[in-house]
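Notes follow once the structure below has been shown.
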Amino acid sequence: MNVIDIMSSEVITVTSETGLKEAARRMLQAGVSGLPVVDSSGVVIGMITEADFVEAEAARSWGRQRRRLLGAVVGEGRPIEAHTVGEVMTSHPVAIDQDSDVTEAARKMAEHGVKRLPVITPDGKLVGIVSRADVLMAYARPDELIEDEIRGDVVGRLLQLDPDSIEVTVTEGDVTLTGSVPNRSDARLLEELTARLEGVIGVESDLEWALDDSSIE
């Protein structure tokens, strides 16, 4: 299963010129703790999170203290305070390609200690965002529902094959496919479509086919 299958495609974004107050308002209204920062062409150039606001406020507070100290010693000073997203955002954020699998997304989140990843195209444009909750929901989907979807939707509806000719076993998200299909293309399609289903961790196939039509592709 790939990231594009579980990500949220409707993403609220900001630009580097967006004011901090406006960015904070959008985050609160959407109930999220971070927003992707994009340029005019939709390429991800940063992330702004609650932590960035905390750091900005800490710097603002220190600026006020420093101004009072400098004022007492050498006269009035002027603190440098951030006003736009570009001044406090995390540049070059950790992102993930839309064709990466969910396991890779989980690994990146754990390795970098982040709660969400912008999902991008090969040229860096934003297509969605994947969160820890998305990954958790994918892993937590019951085996019985996965098996029913493989049999009913993939085997029966999409490939229009006889569900009784294929045995599907799902254990903790790992799928095993056995039985027979008409040709090699059907076997490959069944494996690939199964791997894309929400909750599928891995696919092991022992399918047999009567016709090897790989040369036709």
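The values are calculated or read from the model by the stated rules, or taken from the named source; none is laboratory data. These figures come from a predicted structure and were not determined experimentally. Glycine also receives a Cβ, built like all others from the backbone with ideal geometry; neighbour counts cover every protein chain displayed.
For Asp186, the conditions (1) farther than 30 Å from Val135 by Cβ; (2) assigned to a strand (DSSP E or B) are fulfilled apart from (2). Taking the condition of being within 20 Å of Glu198 (Cβ to Cβ), within 26 Å of the chain's Cα centre (by Cα) and charged (D, E, K, R), how many residues in region 119-170 meet it? Adding up the residues that qualify gives 9.
Scanning region 116-168 for residues that are in the same structural domain as Asp39 (by TED's automatic domain parsing), in a helix (DSSP H, G or I) and in contact with a Lys or Arg (Cβ under 7 Å, 6 or more places away or on another chain) turns up just one, Arg132. Among the residues of region 99-108, those identified as in a helix (DSSP H, G or I), in contact (Cβ under 8 Å) with a residue 12 or more places away in the chain and either touching a helix residue (DSSP H, G or I) at 6+ places or on another chain (Cβ under 6 Å) or among the basic types (Lys, Arg) (or both) are Val102, Ala105, Ala106, Lys108. Annotation for region 143-157: at least one member residue is out of contact with any helix residue (DSSP H, G or I) (no Cβ under 8 Å at 6 or more places or on another chain) and within 16 Å of Asn2 (Cα to Cα). Scanning region 14-52 for residues that are buried (at least 18 other Cβ atoms within 10 Å of the Cβ) and not aliphatic (A, V, I, L, M) yields Thr18, Gly34, Pro36, Gly46, Thr49, Asp52.
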